[in-house]
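Okay, so here's the structure we're looking at.
The values are calculated or read from the model by the stated rules, or taken from the named source; none is laboratory data. Note that the coordinates shown come from a computational prediction; the quantities given were computed from them, not determined experimentally. Note: ideal-geometry Cβ built from the backbone for every residue, glycine included; neighbour counts use all protein chains shown.
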Amino acid sequence: MKKIAVVLLVTGLMTVPAFAEKPAWAGDGKPTVEQREVHKAAMEKQQMQEREKEKKLKKKKEKQKEHMNSGEGDKKTKEMQKELGKGSEEGQKSRETRKKWWKFWGE
């Protein structure tokens, strides 16, 4: 008798949640075709905005890089001009002919 009561109690506890009502926040199932299209359009718009931001950042970085490179070139030419007038004639000739480390791509 006790075994039957335990089995009925466990079965009853397991089946009660199956008959519970769905909460209001749970939704009504699959979205409609219109809802999917609206969602897809919103996602595409968001992706386009992100791509535009990335392009702007990339352009900004390139401009900064160009600006930095032009400033470094000016510094290096000034350094070379300072070096040319210093030291002995032999040292000056060697400095004129030697390659600088930043000119490794040719010249």
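What the table below lists for this structure:
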| item | result |
| --- | --- |
| Pairs where the first residue, in the range 5-24, is at positive phi and the second is surrounded by 10 or more Cβ atoms within 10 Å (Cβ to Cβ) and assigned to a helix (DSSP H, G or I), C-beta under 7 Å, 6+ apart | none |
| From Val38, Val16, residue being surrounded by 10 or more Cβ atoms within 10 Å (Cβ to Cβ) and in a helix (DSSP H, G or I) | Val38 |
| Single residue of Val16, Val6 found to be out of contact with any Cys (no Cβ under 7 Å at 6 or more places or on another chain) and at pLDDT 90 or above | Val6 |
| Meets criteria (part of a helix (DSSP H, G or I), surrounded by 10 or more Cβ atoms within 10 Å (Cβ to Cβ) and modelled with pLDDT under 80) for Lys78 | yes |
